[in-house]
Amino acid sequence: MKLPDVDKVAAKVHESWMQSKRNLGVLSRKSEKGEELMVPYEKLTNESQELDRASVRAVYSAIESLSKEGE
């Protein structure tokens with residue numbers, strides 16, 4: 001199964017996360033190190049981007065595992 005590029009999906013995940021925060025009235029969110037996270041994915045540090053990538057990889061792993069179970 002060919003899944004989309006991890007970084008492209010991670011950027012979409014980040015966008016969705018920001019929108020859900022905005023819907024709750026949150027306009028600023030800082031990381032534990034003080035980095036502003038309510039910015040476009042491309043402006044995040046690599047460390048913060050990696051959090052989104054890790055989420056995508058976890059979902060991809062679950063999809064692949066479930067796909068193999070169904071074979």
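Quick notes on this structure:
- All positions within the range 45-64 that are under 14 Å from ASP5 (Cα atoms) and either exposed (fewer than 11 other Cβ atoms within 10 Å of the Cβ) or of a type in the set (D, E, K, R) (or both): GLU50, ASP52, ARG53, ARG57, ALA58, SER61
- Residue in the range 1-52 that is nearest to LYS68 (Cα to Cα), counting only those that are touching a helix residue (DSSP H, G or I) at 6+ places or on another chain (Cβ under 7 Å) and not in a helix (DSSP H, G or I): MET1
- In the set GLU15, GLU69, GLU42, GLU32, only one residue is surrounded by 10 or more Cβ atoms within 10 Å (Cβ to Cβ) and either closer than 28 Å to LYS2 by Cα or out of contact with any Phe, Trp or Tyr (no Cβ under 7 Å at 6 or more places or on another chain) (or both); that residue is GLU15.
- Per-region count, the range 26-49, residues of a type in the set (A, V, I, L, M) and closer than 13 Å to GLU15 by Cβ: 4
Values quoted throughout were computed directly from the atomic coordinates according to the rules given, and no laboratory measurement underlies them. Everything numeric in this text was worked out from a predicted model, so none of it was measured. FYI the Cβ positions are ideal-geometry reconstructions off the backbone, even for glycines, and counts take in every protein chain you see.
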